[in-house]
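Engineer: Please read through the structure below; I'll follow up with questions.
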Amino acid sequence: MFRRLLIANRGEIALRIMRACRELGIETVAVYSEADRDLLHLRYADETVCIGPAASSGSYLNVPALIAAAEIADVEAIHPGYGFLSENAHFVEVCQSCNIKFVGPPPAVIAAVGDKVRAKEIARQAGVADVPGSDGPVRSEQEALQVARAIGFPVLIKAAAGGGGRGMRVAHNDVSLINGFHAAQAEAETAFKDGTVYIEKLLDRPRHVEVQILGDQHGNIVHLGERDCSLQRRHQKLVEESPCPILTPEQRAQIGEAAVRLAHAAGYESAGTVEFLLDRDGNFYFIEVNSRIQVEHPVTEEVTGFDLIQEMIRIAAGERLSFTQQDVVQRGHAIEFRINAEDPDHAFKPSPGLIETLIPPAGPGVRWDSHAYQGYRVPPHYDSMVAKLVVHRPTRRQALATARRALDELVIEGIRTTTPLFRRVLEHSDFINGEVDTGFVDRFFGQK
Ligand code: ADP
């Protein structure tokens, strides 16, 4: 096992990784930007290193600064968390050349699945259906029109390097297709320095269902069940739950097996997520692989009892998976709510600033993953998530009751958060009945 590990991230996930390391007896090195001197996990670190200015390009994305910190602090491994450099194959190569173990998949796997067009090819080779669409990238207006007419409108233009819902455009006809094609290319070029786009059929009110996988360095791959992440705003997840409330045991087994097949075809290693859309007829279609730990991993941890971050670290250290597929059992129901510093009453405008009062919920069935504390100032430079409230109960009904109770207990003053939105969502009969699709939040707010 590693003696010392550097956490190349900030916020709640840095704290989460810190907790895993401390329980494994691994020393930790925390890095921070000039805007992040007050981060909670810095208090628990064995060593802290300032790596640059507030702008993440100069700090959390600054490869030379991170590697210098790792070498000076003499670490054996780096955990990247999510976002920032977690899916950057170049960074992994640099780590390797410096003899530092990156806690994640090998660079070739990250590069292969990070290109969504290649990931779709891998899925097809593994016999896993992807959303019908273009056969590879779409390079011209003419090609875009041909593909759209063949699969039928409406279609979705997507960025091959995409993430975070960027570089995505819906088209209902020829005119919006041409406009969307150029807009998606330009957005992808700016966001990812890669303007490659492809086209998929726009599924009608699908659910987002994803499978957690874990693979070791010895070719063993298991899945840890699914998460339903249908509650989204503008293609960004807000609430995630496990298990998916509407899957039959047969569908659950099928989607899990499909994810493992795909992971084998990709030579997958470490923790990852295989994402699918489930249509209204119960068919599921692969959309992408995320080659990192995800924000919503705690719902899987609660339901399966495995510590995913510790598992990732053990895998990176070369250990074999200590359990098999038969050992994975889903117990009860878990739901996660992303408490973001955003104002849901004003178009989700970011709301950074001083947290004057914070009373987090607690008690039976409640997990609070957060770096926020009373007196902490949420900086304006980064992702707006300040906490993840996770509830876990024997049944979904009980989980909903615990969620209502926990959200009522939660007091955050000084900044606006998504909390009031979740209180309303929990009163909505569609959510209570487990009948939401990816357009639910946008429609729900559209009604107002
Ligand atoms: P990103 O990597 O940018 O998050 P994804 O491919 O994971 O993009 O898709 C994000 C979300 O966009 C999905 O959860 C779903 O809500 C929506 N989406 C993606 N592809 C389709 C599609 N073909 N039809 C309908 N909705 C889609």
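Engineer: Could you check the simple spin-label distance between GLN374 and ASP408, using points 7 Å along Cα→Cβ, in nm with one decimal?
Structural biologist: Those two pseudo-labels are separated by 2.2 nm.
Engineer: Within a Cβ distance under 13 Å of ASP228, other residues only, what is the Lys/Arg minus Asp/Glu net charge?
Structural biologist: -4
Engineer: Using a ≥ b ≥ c from the Cα gyration tensor of the stretch 132-201 (square roots of the eigenvalues), is it rounded, prolate or oblate, where a/c under 1.5 gives rounded and otherwise the larger of a/b and b/c decides, a/b for prolate?
Structural biologist: Because a/c hits 1.5 or more and a/b exceeds b/c, the stretch 132-201 counts as prolate.
Engineer: Kirkwood-based Rg over Rh for the stretch 4-103 (C-alpha set), two decimals?
Structural biologist: 0.92
Engineer: A further question follows. Relative contact order for the chain: what percent, with Cα pairs under 8 Å and sequence separation of 6 or more?
Structural biologist: Reported relative contact order: 14 percent.
Engineer: Okay, moving on. Of all DSSP beta bridges in the chain, what percent run antiparallel (nearest 5)?
Structural biologist: Percent antiparallel among DSSP bridges in the chain is about 80.
Engineer: Would you work out if the chain is rounded, prolate or oblate? Take a ≥ b ≥ c from the square roots of the eigenvalues of the alpha-carbon gyration tensor; rounded if a/c is under 1.5, else prolate when a/b is larger than b/c, oblate otherwise.
Structural biologist: It comes out rounded by the Cα gyration axes.
Engineer: Straight-line reach from LYS101: which lysines fall under 21 Å, measuring Cα to Cα and dropping same-chain residues less than 8 apart?
Structural biologist: Within the straight-line cut-off, LYS101 pairs with nothing.
Engineer: Another question, then. Hey, which of these cross-link pairs are over 19 Å Cα-Cα: LYS158/LYS193; LYS120/LYS158; LYS116/LYS158; LYS193/LYS349?
Structural biologist: Going by Cα-Cα distance, LYS193/LYS349 fall outside the 19 Å limit.
Engineer: Also: Quick one: grab the alpha carbon gyration tensor of the stretch 72-155, order the square roots of its eigenvalues as a ≥ b ≥ c, and give me rounded if a/c is under 1.5, else prolate or oblate depending on whether a/b is larger than b/c.
Structural biologist: prolate
Engineer: Starting from the Cα-Cα distance between HIS428 and HIS182, subtract it from 0.36 nm times their residue separation and give me the gain in nm to one decimal.
Structural biologist: Taking HIS428 through HIS182 to full extension adds about 84.7 nm, to one decimal.
Engineer: I would also like to ask the following. Calculate, in nm to one decimal, what ARG118 and THR357 gain on full extension: separation in residues at 0.36 nm each, minus their alpha carbon distance.
Structural biologist: 81.3 nm
Engineer: How much length is gained on full extension from ASP442 to ALA191, taking 0.36 nm per residue of separation minus their Cα-Cα distance?
Structural biologist: In short, 88.0 nm is gained.
Engineer: Given a Förster distance of 41 angstrom, what is the FRET efficiency for SER57 paired with HIS235, based on the Cβ-Cβ distance and rounded to 0.05?
Structural biologist: The calculated FRET efficiency here is 0.95.
Bear in mind that the values in this text are calculations on the coordinates, not laboratory data. The structure presented is a predicted model; accordingly, all values stated were derived computationally and were not measured. So basically every Cβ, Gly included, is an ideal-geometry build from the backbone, and we count neighbours across all protein chains shown.
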